[in-house]
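Just below is one structure, and these are the notes that go with it.
Derivation of every value follows stated rules applied to the coordinates shown; laboratory data play no part. Fair warning: this is a prediction, and the values are worked out from it, not measured in the lab. Don't worry about glycine lacking a Cβ; one is built from the backbone with ideal geometry, like all the others, and counts go over all protein chains shown.
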Amino acid sequence: MDVDYLIVGSGLSALVFGALSAKAGSKVIMLEAHQYPGGFGHTFPIGKHYKFNAQLHYVWNCGEGETVNKVLKKLKLDKQVTFESFDPQGFDHMRMPGYQLDIPYDTDLLLARLWALFPQHVKQCTAFIDEVRRTADGLEVLSGDEQYKNIIKNFGQTVTAFNNIRCTLQEIFDKHRLPQEAQTLLALQWPDFLLPPNQLSFCAWVLLFTGYQRGAYYPTRHFEHVINSLTKTIEDNGGQIIYETHVDKFMIENNRVTGVEASDLTTQETAQYEAKCTICNMDPKKAAHSIGIEKFSLKLRRQLNYAYSPSNFMAYCSVKDINLQDYGFGRWNIFHTCNPDLNAAFDAMYNQHDYSAPSFAISTPDFLTDDHSDRPEGQQIIEFLTVADYQYFKDLKADDSKAYRKRKRGILDNIIDIVEENYIPDFREHLAYKNTGSPTTNENFCWCPQGNSYGSAMTPSYFNLFRLNHNSSLKGLYFCNASSGYAGFAGTFWTGAKLYQNLTGDRIL
């Protein structure tokens, strides 16, 4: 058995782990059921002219000395895989009836803008932002390697973070008595989590919100270049990535995972792959039930009993004969809601399947890069994202595929109606291309159970200090996935690098 690491799946955390391991001299084999690497980070072509990333829009922790930068430096990719900053004065533009707020990098500037919008609630806004700062500092201590030493130095912040671990964002809003409009503006990037304030972990929100305030980025050469650079590192260092190969069974001897049996999805031929260690990038709960949940420790069984994150609706579009910059688009995302109560807006879309007044995100990546290889010359990419219930779309597609396609078109039409009312009056006239994806699209192309977007849901019940990590309780098997680490681009970079660091002792983070 001369293979050091057999990696099941090629999601971003797995690619990071595989690239670091191969670069360090380990023999790596990676199996991927899809024809493209990257999981939700993969880029897919449509025809000859368009390329869209499955789900990534902007990222954080890419600045000098931060997680992504440290990993790229270790791989000697930091000079070729670079990132462009969103507008520091407003990387997220929050829009709702009667109010607008641009979220800047500078927290004091953010506070000043909140004070101007809500002069009767200056104390409440200040107290809330102060709690965000203290919680962010405390979470950094709790996630660090020298916890006990740093806890003493930062005792107050650590206590604040620890006390807030079990809180939702809504509970902290209510604690500080923020007006509804301020709550909505601050939480309007909810599509980044696909959870509303009354379900979302406050600490998860803090990590992302303050992370983006340190710097929001887009890859200089699109996400495809990031993924390709990681896969090339694996292959250039003797590793092998085998695509369109489905893992059918994990092989176990004496409570040790020795490898897998897998089938070629093209030829249907099966083969066995053995290694000293198997790195599981597929969903841990799905993998555990495939192996046999009874083989895992009681502690692991409890940790594996997580709810999946909600799924999403995506619209991939391109426009022509128009410059989106003339209509308020640029180096920022726009988050729009018709309903000022985000909890009610989420409930309407996710539980009632009512998209008549949607809340959604708008992304325009072409303002962040000069690489126009993703669309025809003279066109601009614009994408829309909101939440969607997996079971509803699965049943609709199974019962009536025509009604399923009509439903997707109807949701996009509702979004476009709002775009035309608030941003671009004749948007439909300039649409050159449009395509939509639902939770079943996620399941079919990204192999994610129930079409989930982030693995385990980022509620206080599952986003805490005692959540699942890389340890599987079986010898030779390690989890490396958003549910066993952290979701998102920066989160999965951290997850893959942290596992590499733990298994090798080679410190990166």
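A few notes on this one:
- Ellipticity estimate at 222 nm from DSSP helix runs (n ≥ 4, -39,500 (n - 2.57)) divided over the chain, nearest 500: -11000 deg cm²/dmol
- Positive end of the dipole of the chain (Cβ unit charges, origin at the Cα centre): among 308, 217, 183, the Cα lying farthest that way belongs to 308.
- For residue 456, neighbours were defined as the other residues whose beta-carbon sits under 15 Å from its Cβ, and their charges (Lys and Arg +1, Asp and Glu -1) total +4.
- In Hz, Karplus ³J(HN,Hα) per residue of region 19-30 (6.51, -1.76, 1.60; θ = phi - 60°; x = Gly, Pro): 5, 5, 5, 5, 4, 7, x, 7, 8, 10, 10, 10
- Gap separating the Cα centres of region 31-80 and region 431-482, nearest whole Å: 17 Å
- Dipole of the chain, positive end: most advanced residue of 449, 167, 196 [Cβ charges, Cα centre]: 167
- With N the number of residues in the chain, Rg(Cα) / (2.2 N^0.38 Å) evaluates to 0.95.
- Percentage relative contact order, the chain, counting C-alpha pairs under 8 Å, at least six apart: 23 percent
- Among the trypsin sites (Lys or Arg not before Pro) in region 7-57, those placed in a DSSP loop whose Cβ has at most 13 other Cβ atoms within 10 Å are 48.
- Using a simple spin-label model with pseudo-atoms 7 Å out from Cα toward Cβ, residue 429 and residue 73 lie 5.2 nm apart.
- Taking the Kirkwood radius as Rh and the Cα radius of gyration as Rg, region 310-446 has a ratio of Rg/Rh equal to 0.97.
- For the pair residue 122 and residue 370, the difference between a 0.36 nm per residue extended length and the Cα-Cα distance amounts to 85.2 nm.
- Among the trypsin sites (Lys or Arg not before Pro) in region 57-115, those located in a DSSP loop and surrounded by at most 12 other Cβ atoms within 10 Å of their own Cβ are 76, 79.
- Between residue 24 and residue 85, the modelled labels are 3.3 nm apart [label points 7 Å from Cα along Cα→Cβ].
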